[in-house]
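The values are calculated or read from the model by the stated rules, or taken from the named source; none is laboratory data. This is a predicted model, so every value here is computed, not measured. Quick reminder, even Gly has a Cβ in these numbers, built from the backbone with ideal geometry, and neighbours come from all protein chains shown. Heads up: the accessible areas ignore ligands, DNA and RNA and are worked out on the full protein's heavy atoms, side chains in. Shrake-Rupley method; radii C 1.70, N 1.55, O 1.52, S 1.80 Å.
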Amino acid sequence: MKKNLKSIIAIIALCLAGTMNAQDATAKENYDQGFRLGFGANVGYVFDDAYGLSLGADARLQYDLSQRTSLTLTTGFTNLFKGDADKDLGFIPVKVGFKGFIWEDRFYLLGEIGAGFTVTNSYNQNTLILSPGIGYATKNIDFSVRYEHYNDFVKVNGNKGMGQVALRLAYGFKL
């Protein structure tokens with residue numbers, strides 16, 4: 001009886017150890033140290049009377065420092081649409097950031113800082129961009145919500161500083 005009990009305990013212990021190693025291997029497979037590249041589409045709501053909708057596309061290079069932390073470099077194109085016959089505002093954002101996973105290696109917080117370089121129409125004011133966000137990522141899909149503050153873009157009332165809330169859906173892969 002004692003031999004059977006010891007054998008059963010040993011088998012259970014081996015099974016548990018194998019399960020824990022398999023879970024660690026799966027988690028490390030998703031977020032190994034190294035580079036990832038993602039391409040995303042963005043849609044947002046701009047908090048200024050002149051603009052309402054924002055559309056954009058981006059590319060994000062991510063370097064995973066660990067299973068839970070990453071550095072990011074993001075660029076692309078964003079267009080803020082003006083109503084009526086007024087001219088839209090298009091710019092190229094270039095941002096660096098830090099991504100930290102906070103729950104189950106899937107949910108993350110992201111903070112980015114960078115610049116927006118205008119490229120459309122006669123608007124020639126570049127801007128500082130501050131952008132906090134929260135998201136959910138799997139091995140290939142990334143969905144996030146972020147706020148972007150454009151420090152130097154001028155609002156309708158003449159004051160500087162406008163912002164938007166944007167949704168991002170991206171496909172990414174390991175390089």
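Observations on the structure shown:
- Dipole-positive endmost among 76, 138, 122 within the stretch 31-175 (Cβ charges, Cα centre): 138
- Accessible area (Å², per residue) of the stretch 31-175, counting only protein heavy atoms and a probe of 1.4 Å: 50 Å²
- Point-to-point label distance, residue 171-residue 120, nm (Cα→Cβ direction, 7 Å offset): 2.5 nm
- Estimated Rh, the stretch 64-149: Kirkwood, alpha-carbon pairs, angstrom: 14.3 Å
- Here the gap between residue 130 and residue 92, fully extended at 0.36 nm per residue and compared with their Cα-Cα distance, gives a gain of 12.3 nm.
- Whole-Å semi-axes of the ellipsoid equivalent to the stretch 112-175 (Cα gyration tensor, √5λ, descending): 28, 13, 9
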